[in-house]
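Some notes on the structure that comes next.
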Amino acid sequence: MTVTMLSDSSLSTDKAAIAEAFGKAAAHYDQHAAFQRDVGERLLRFLPADLTGYQVLDLGCGTGYFSLLLRQRGARVVCADLSAGMLDTARERCGDDRMRYVLADAERLPFAAQSFDVVFSSLALQWCDDLSQPLREVRRVLKADGIGLFSTLLDGSLSELKSAWAKIDAHQHVNHFITLNQLKIALAQAQCLQHQIDLPTITVWYESAFSLMRDLKGIGANHVNGRSRGLTSRRVLTQVEQHYQLFGNHQGLLPATYQVCLGVIHR
């Protein structure tokens, strides 16, 4: 087993906070990650069933759920993540056979150009400030005939939660997601000229807003870039719940809507 480390001092304050949030969530991430598995499984459908001989980078590997599936298809997999805690959990899941673990920033990948046949990155790149930079890096490390797969969230995601919080105060409680136009600009800036995108809307149903927020915290996504925290008392959260109830269906279930981009980049 090889573990390549990235110095914490090389991370911005915000990225260090993101890494810390996901590291704390690593032990219980999978209990709250049904939506993340759904998205990643949709992305896997763009790959052949047999990846024997392929060098694959799982960028933002998290707990290694998809790293293991990629290895089961025959690939040699490099698991890369910003969080050391996530990498430890991925190693516990996947072991050492045909696996390598690298602590890495998606905006500055520590790999030589044209190192991988496939880069797979599901619901990780939205944590980067400038999407064009990790996309540029994905393209750089792909071999001449390689394929890059990524999923990310777009504007309109978690709109119900944003709306409920907006009735409480003017602080930012939910992460900002880029627009489709901004995504297209990022692809162009990264010179990903040969690409295709699929844009499913995925709705996850909850019994309460508390359950949704518990899932977000459970996967480490409770870190909000540029957050102005405001009040988060139990009384305030109860008010959020009351406002969220307005979105309930006839069965009393509450929607959490995600605008998802599934992207395929051809080198």
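The values are calculated or read from the model by the stated rules, or taken from the named source; none is laboratory data. These numbers were taken from a predicted model, which means no experiment stands behind them. Using ideal geometry, Cβ is built from the backbone for each residue, glycine included, and neighbour counts are taken over all protein chains shown.
Inspect region 175-192 for any residue being β-branched (Val, Ile, Thr), closer than 21 Å to Glu41 by Cβ and either in contact with a Gly (Cβ under 7 Å, 6 or more places away or on another chain) or not in a helix (DSSP H, G or I) (or both) and give the result as yes or no. So that I can check it myself, show each step before the final result.
Residues of region 175-192 β-branched (Val, Ile, Thr): 178-179, 185.
Going one step further and asking which of them are closer than 21 Å to Glu41 by Cβ, we end up with none.
Checked against the condition, which is being β-branched (Val, Ile, Thr), closer than 21 Å to Glu41 by Cβ and either in contact with a Gly (Cβ under 7 Å, 6 or more places away or on another chain) or not in a helix (DSSP H, G or I) (or both), region 175-192 yields no hits at all.
For region 90-109, give me each residue that is touching a helix residue (DSSP H, G or I) at 6+ places or on another chain (Cβ under 7 Å), small (Gly, Ala, Ser) and either exposed (fewer than 13 other Cβ atoms within 10 Å of the Cβ) or in contact (Cβ under 8 Å) with a residue 40 or more places away in the chain (or both).
Selection gives Ala106 alone.
Residue pairs, Cβ under 9 Å, 6 or more apart or interchain, first in region 238-258 and of a type in the set (Asp, Glu), second part of a helix (DSSP H, G or I) and crowded, with 16+ Cβ neighbours inside 10 Å. List them.
Matching pairs, first to second residue: Glu241/Ala164; Glu241/Ala209.
Which of the following residues is of a type in the set (A, V, I, L, M) and over 16 Å from Gly62 (Cβ atoms): Leu154, Leu149, Leu87? It would help to see each step written out before you state the result.
Details: Leu149 fails: over 16 Å from Gly62 (Cβ atoms); Leu87 fails: over 16 Å from Gly62 (Cβ atoms).
Exactly one residue qualifies, and that residue is Leu154.
Looking only at region 45-79, which residues are over 16 Å from Gly146 (Cβ atoms) and in contact (Cβ under 8 Å) with a residue 40 or more places away in the chain?
The answer is Gly60, Gly62, Phe66.
Among the numbered criteria (1) surrounded by 19 or more Cβ atoms within 10 Å (Cβ to Cβ); (2) within 20 Å of Val118 (Cβ to Cβ), which single criterion is violated by Arg140?
Going through (1) surrounded by 19 or more Cβ atoms within 10 Å (Cβ to Cβ); (2) within 20 Å of Val118 (Cβ to Cβ) one by one, Arg140 breaks only (1).
Pick out the one residue from Asp50, Asp38 that is touching a Lys or Arg at 6+ places or on another chain (Cβ under 8 Å) and of a type in the set (D, E, K, R).
On the way: Asp38 fails: touching a Lys or Arg at 6+ places or on another chain (Cβ under 8 Å).
Of Asp50, Asp38, the one residue that is touching a Lys or Arg at 6+ places or on another chain (Cβ under 8 Å) and of a type in the set (D, E, K, R) is Asp50.
Out of the residues in region 119-136 that are of a type outside the set (Gly, Ala, Ser) and not in a helix (DSSP H, G or I), which is farthest from Ala33 (Cα to Cα)?
Going through region 119-136, the residues of a type outside the set (Gly, Ala, Ser) turn out to be 119-120, 123, 125-131, 133-136.
Of the ones still in play, those that are also not in a helix (DSSP H, G or I) are 119-120, 123, 128-131.
Numbers: Val119: 21, Phe120: 18, Leu123: 11, Cys128: 20, Asp129: 23, Asp130: 25, Leu131: 23 Å.
Among residues in region 119-136 that are of a type outside the set (Gly, Ala, Ser) and not in a helix (DSSP H, G or I), the one farthest from Ala33 (Cα to Cα) is Asp130.
Out of curiosity, is Val78 part of a helix (DSSP H, G or I) and modelled with pLDDT of 95 or more?
Details: part of a helix (DSSP H, G or I): no; modelled with pLDDT of 95 or more: yes.
No: the conditions fail for Val78.
Can you pull out the residues in region 152-162 that are surrounded by 20 or more Cβ atoms within 10 Å (Cβ to Cβ) and farther than 18 Å from Asp129 by Cβ?
Across region 152-162, the qualifying residues are Leu158, Glu160, Leu161.
Condition first: touching a helix residue (DSSP H, G or I) at 6+ places or on another chain (Cβ under 6 Å), among the β-branched types (Val, Ile, Thr) and within 25 Å of Cys61 (Cα to Cα). Can you find one or more residues in region 217-228 that meet it?
Within region 217-228 (the criterion being touching a helix residue (DSSP H, G or I) at 6+ places or on another chain (Cβ under 6 Å), among the β-branched types (Val, Ile, Thr) and within 25 Å of Cys61 (Cα to Cα)), the answer is yes, since at least one residue qualifies.
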